[in-house]
Amino acid sequence: MAELLGGLSLACDVASANVPEKALRTALFAVELGRRHGLGEAELRDAYYVSLLRFLGCVGFAHEEAHVYGAGDDIATRELMAMADDGDPLGTVRRIVTRLGRGGALGARAKAVARILGDGVAVAQHAAAQCDASIRFAEMTAMGQPVARALSSICERWDGKGHPAHLEGEAIPIASRLHHIGDVVDLAVTRAGRDAAVAMAKRRAGGQLDPALVRTFAAHADELLAIIDSASVWDRFLAAEPRPHLTASEARTDDVARAFAHFADLKSTWTLGHSTGVAELAARAAKAAGLAESDERDLRRAGWLHDLGRVSVPNGIWDKPGKLTVAEWERVRMHAYWSERALWQARPLRPLAQLAAASHERSDGSGYHRALPGGMLARAARILAAADVYQAIREARPHRPARDRDAATKELLAGGRRRPARSRRGRRRPRRRRRAATKAAALAVRSHRSRGRCAAPRRTRPLEQADRRCARDFRQDRPAPRRPRLCKDRSREPRRRCPVRD
Ligand SMILES: [Fe+2]
Ligand SMILES: [Fe+2]
């Protein structure tokens, strides 16, 4: 379970522009500090998982952070407010006035500053939204009552001035208090160094932080900071997991994947329910295609997690009604990369990393992030891509309305058939690839229409066979197939038949 949640926490790091492994360092620090404070394994285990799950709630307020308080960039707002101290209102005001929306238009900045300073209930709402989302994720992953309770207190303060319940002192669960100091120390270490971390913890003792824990930290500062202030803490993080270790069964892995799907979809109001819809479509299509049960399970999980990297892109881009700029498209294209990296880090899900990341590839090579031609996409990847496009077409986006089922079906299937038989350079494209793309699209549509009662096709082709065919196509002694538009247009917006940004 630690490997699974620890790996996926990379998505939480990029969602808040934190230095990678932030969640891992915080969990490790909380456990090591708790051990030196004399706490038992059960309390340490709660603190460990609270630190991992706490950042899942960050997207619960992303829409408001972007559009009400953040001049379009929720990630920058979150990063800005991460170091803010409610016990230092003057410092917080100075931080907001000088840094909020920096680089943006002056008018938008002024409006954002006025809103965040003039809206007294924003902080409380923010805290409540984060807590609600975190608790929901803890329930979905069956983490137990103590972890859920600690997550509900994640925005509380030792002096009782926190949110949402204004808990004070030891009424705040110890797991939350350990996380608080881990969070503050890690932010200070990565941004200002070890001395600043010790000074900040001491300054916040009795206000935001538990003074007894700060004393323990100060007494062991050198060894504790040496543990987390290193190039990578992955191995130490795994070794520090309190016993007994939580294991991730197949069912629990599904629960975690589904929870992270909601985490990704919660990012924007336009994408609620998207990943779960893609997962169901892809799994049904796999069944209709006669794939093995394990492939169906993999496609469902890849559907849940294919857009995990979406949290790395500011909401101002996802929610933009107009055309995206080249720079904005670059950030959009990178979200598939981050999905792949997060899955790669989560060892139990590593085999799905490339499949999930291929959900934005297109048969004509105009997709992202690798811009692979259709011949290099396995059958499962083509099914997932078709399910993703179909699901997205059925959903409204800021730049277009949702299509009904017939229009979406027509659009998806036309995407495969309308492709010119010749490339821009006049070379003939193989028919085989066109048929494969269309078949994947048809499977996705059929699986949607059949509502789960999918008839087996007359002819089936195992996934492995499709992969071997791809490998044959790219043997070194044969010229590689042309990749249309790839060289010219890599940095440009994919045109045409790909009507979806996501
Ligand atoms: Fe996506
Ligand atoms: Fe998607």
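When you look at GLU293, is it farther than 20 Å from ARG400 by Cβ, within 15 Å of ligand 1 (Cβ to nearest atom) and among the acidic types (Asp, Glu), yes or no?
Spelling it out, it is not the case that GLU293 is farther than 20 Å from ARG400 by Cβ, within 15 Å of ligand 1 (Cβ to nearest atom) and among the acidic types (Asp, Glu).
In the range 334-349, which residues are within 12 Å of ligand 1 (Cβ to nearest atom) and within 17 Å of LEU384 (Cα to Cα)? Correct list: HIS335, ALA336, TYR337, SER339, GLU340. Taken as a whole, the condition of being within 16 Å of ligand 2 (Cβ to nearest atom) and aliphatic (A, V, I, L, M) does not apply to ALA327. The single condition among (1) under 30 Å from LEU352 (Cα atoms); (2) surrounded by fewer than 21 Cβ atoms within 10 Å (Cβ to Cβ); (3) in contact with a Gly (Cβ under 9 Å, 6 or more places away or on another chain); (4) not hydrophobic (A, V, I, L, M, F, W, C) that HIS67 does not meet is (1).
If the condition is being over 26 Å from ILE75 (Cβ atoms), of a type outside the set (A, V, I, L, M, F, W, C) and either modelled with pLDDT of 85 or more or not assigned by TED's automatic domain parsing to the domain that holds ALA286 (or both), then the range 367-383 contributes ARG379, ARG382. Filtering the range 350-362 for residues that are away from ligand 1 (no atom under 14 Å from the Cβ), more than 16 Å from the chain's Cα centre (by Cα) and either over 22 Å from LEU52 (Cα atoms) or in the same structural domain as TRP318 (by TED's automatic domain parsing) (or both) leaves a non-empty set.
Of all the residues in the range 296-314, those that are more than 14 Å from ligand 1 (Cβ to nearest atom) and under 20 Å from GLY72 (Cα atoms) number 1. Checked against the criteria, PRO242 counts as of a type outside the set (Phe, Trp, Tyr), modelled with pLDDT of 90 or more and part of a loop (DSSP other than H, G, I, E, B).
Of the candidates ARG297, ARG284, ARG333, the single residue that is assigned by TED's automatic domain parsing to the domain that holds ARG400, touching a helix residue (DSSP H, G or I) at 6+ places or on another chain (Cβ under 9 Å), within 15 Å of ligand 2 (Cβ to nearest atom) and among the basic types (Lys, Arg) is ARG333.
Scanning the range 269-290 for residues that are within 16 Å of ligand 1 (Cβ to nearest atom), of a type in the set (A, V, I, L, M) and more than 21 Å from GLU340 (Cβ to Cβ) yields a single hit, LEU272. Taken over the range 312-324, the criterion of being away from ligand 2 (no atom under 13 Å from the Cβ), surrounded by 16 or more Cβ atoms within 10 Å (Cβ to Cβ) and not hydroxyl-bearing (Ser, Thr, Tyr) is satisfied by PRO314, ASN315, GLY316, ILE317, ASP319, LYS320, LEU324. ALA248 satisfies every condition listed in (1) touching a Pro at 6+ places or on another chain (Cβ under 9 Å); (2) among the small types (Gly, Ala, Ser); (3) within 16 Å of ligand 1 (Cβ to nearest atom) except (3).
GLY87 satisfies every condition listed in (1) small (Gly, Ala, Ser); (2) surrounded by 15 or more Cβ atoms within 10 Å (Cβ to Cβ); (3) more than 23 Å from TRP158 (Cβ to Cβ); (4) not assigned by TED's automatic domain parsing to the domain that holds ALA188 except (3). Can you name the condition, by its number, that SER275 falls short on among (1) assigned by TED's automatic domain parsing to the domain that holds GLU156; (2) of a type in the set (Gly, Ala, Ser); (3) modelled with pLDDT of 90 or more? With (1) assigned by TED's automatic domain parsing to the domain that holds GLU156; (2) of a type in the set (Gly, Ala, Ser); (3) modelled with pLDDT of 90 or more applied to SER275, the lone miss is (1). Among the listed residues ARG35, ARG94, identify the single one that is in the same structural domain as ASP159 (by TED's automatic domain parsing), more than 23 Å from PRO164 (Cα to Cα), without any contact (Cβ under 8 Å) to a residue 40 or more places away in the chain and in a helix (DSSP H, G or I). Selected residue: ARG35, the only one of ARG35, ARG94 that is in the same structural domain as ASP159 (by TED's automatic domain parsing), more than 23 Å from PRO164 (Cα to Cα), without any contact (Cβ under 8 Å) to a residue 40 or more places away in the chain and in a helix (DSSP H, G or I).
The values are calculated or read from the model by the stated rules, or taken from the named source; none is laboratory data. Please read all numbers here as calculations on a predicted model, not as lab measurements. Heads up, the Cβs are rebuilt from the backbone with ideal geometry, glycines too, and the neighbour counts pull from every protein chain shown.
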